[in-house]
Amino acid sequence: MPINCKAKCGKAAALKRPKTGDALCKECFFAAFEAEIHHTITSSKLFRRGEKVAVAASGGKDSTVLAHVMKLLNERHDYGLELVLLSIDEGITGYRDDSLETVKQNRDDYKMPLKILSYEELYGWTMDRIVSQIGRSNNCTFCGVFRRQALDRGAKLLCVDSIATGHNADDIAETVLMNVLRGDTARLRRCTDIRTGGGEDSIPRVKPLKYSYEKEIVMYAHYKKLVYFSTECVFAPNAYRGHARAFLKDLEKVRPSVIMDIIYSGEQLRFKDTAKNPVRGTCNRCGFISSQQPCKACVLLEGLNRGLPKLGIGKKSKGDRMIAKQDQELALRERANLVKNDF
């Protein structure tokens, strides 16, 4: 016997919402999903009329749904926004080169301008080359740091007012867990913020999908027949986030509301006044946002260019010793060459 849509539209239900457990027809699910994102945008005052917004586009389900819904809501509710797509090419053969084709399809489907920036042109390195130097144990550190700064560079180049990212509720809950497990209070303070950055020296980032479940994003993309890229990054299986994700999925089987519970817990956290809170400023080398001097991106890049790929991995004191040792070896080598030339 068919189950009727809980929204009482008279149609048969086609799915059960993972977030609420409601049985809905496709049209009512679309309406509920879009209305929730609209509420998130308006209640949090993420945008102002006349602003130019860059949608961070990777070609995956989250960014594809974000681009689609942002365009739809912008037209439906007359936000008055100028939307552009911003994509970063990390240089991962068999992954990013294919996903960028999907981004280009999104550009054509949604009639949005697209800007693609590559690690090669920004840093002189691709992730394929970086992995060949560092191996697969710390590669996600390089990619994450460079990608965050690359988005800032692209946003500055496009002169946008904010960057909309596809972080969903699952992503944020995973990040809360990771920061708790690592004891990273600095990131734990801001990881649940729907708006981060901003000010004179940085462009703010916003998360319109903050309260949207990953399962519902997949369902929305499936029933809407949106084109997206679903292959996992070839370097991702060893990422620390994968362990937090697996743990979260196990918890969700026992308690379906655990994702929102963790986000709520993160939002309500309060820290002692004595807890160390890094001061965010700008890097004295590249001029982009940083809470250390030089910024992490510059340290990692220096390590790659020096032939010391692990320079930025671990404590700063360890990196300083590596530089001092290399400088000493170079000095000895130069002195040996001078002695040789004297003869």
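Holding the Cα-Cα limit at 29 Å, pick out from Lys210/Lys296; Lys52/Lys249; Lys61/Lys115; Lys249/Lys272; Lys111/Lys253 the pairs that are longer than that. Over 29 Å Cα-Cα: Lys52/Lys249; Lys249/Lys272; Lys111/Lys253. Between His243 and Arg335, the distance separating the two model label sites (each 7 Å from Cα on the Cα→Cβ line) works out to 4.4 nm. In whole Å, what is the distance between the alpha-carbon centres of segment 142-156 and segment 238-286? Here the two parts' Cα centres lie 20 Å apart. For q = 0.12, 0.28 Å⁻¹, what log10 I(q)/I(0) does segment 278-334 give under the Debye formula with an equal point scatterer on each alpha carbon and no solvent? Values, matching the q order: -0.32, -1.10.
The C-alpha atoms of the chain define a longest principal axis, and helix 241-254 lies at about 30 degrees to it.
Using a simple spin-label model with pseudo-atoms 7 Å out from Cα toward Cβ, Val234 and Ser43 lie 4.3 nm apart.
From the convex hull of the Cα coordinates of segment 147-232, what is the mean projected area in square nanometres? Computing the convex hull of the Cα atoms and averaging its projections yields 7.1 nm².
The calculated FRET efficiency for Ala12 paired with Gln268, based on their beta-carbon distance and R0 = 51 Å, is about 0.80.
Mind checking the angle between helix 169-182 and the chain's longest principal axis? C-alpha axes, 0 to 90 degrees, to the nearest 10. So the inclination is approximately 40 degrees. Computed over the chain with a Gaussian network model linking Cα atoms closer than 10 Å, the most mobile of Ala54, Ala236, Ala164 is Ala236. Taking the chain as a Gaussian network of alpha-carbon nodes connected by springs under 10 Å, the highest mean-square fluctuation of the residues Thr231, Thr196, Thr20 belongs to Thr20. Straight Cα distances below 19 angstrom link Lys215 to the aspartates and glutamates Asp22, Glu27, Glu34, Glu36, Asp62, Asp170, Asp171, Glu174, Glu232, Asp250, Glu252, Asp261, with same-chain residues fewer than 8 positions distant left out. Among Ser87, Ser132, Ser212, which one shows the highest mean-square fluctuation when the chain is modelled as a Gaussian network with alpha-carbon springs under 10 Å? Result: Ser132 has the largest fluctuation of those listed. Using a Förster distance of 41 angstrom, determine the FRET efficiency expected from the C-beta separation of Lys276 and Asp97, and round it to 0.05. The value I calculate is 0.50.
Here segment 162-311 was treated as a single set of alpha-carbon atoms; its pair distances binned every 10 Å from 0 give 9, 29, 37, 20, 5, 0 percent.
Among the listed values (i) 1.25; (ii) 1.05; (iii) 1.03, the one computed from these coordinates for Rg/Rh (Cα atoms, Kirkwood Rh) is (iii). For segment 37-183, the Kirkwood estimate of hydrodynamic radius, built from reciprocal distances between every pair of different alpha carbons, is 16.5 Å.
By how many degrees, between 0 and 90 and to the nearest 10, does the Cα long axis of helix 214-224 differ from the longest principal axis of the chain? The answer is roughly 60 degrees.
FYI, it's all coordinate maths here, none of it is from the lab. Since the model is a prediction, treat every value here as computed from it, not as a measurement. Using ideal geometry, Cβ is built from the backbone for each residue, glycine included, and neighbour counts are taken over all protein chains shown.
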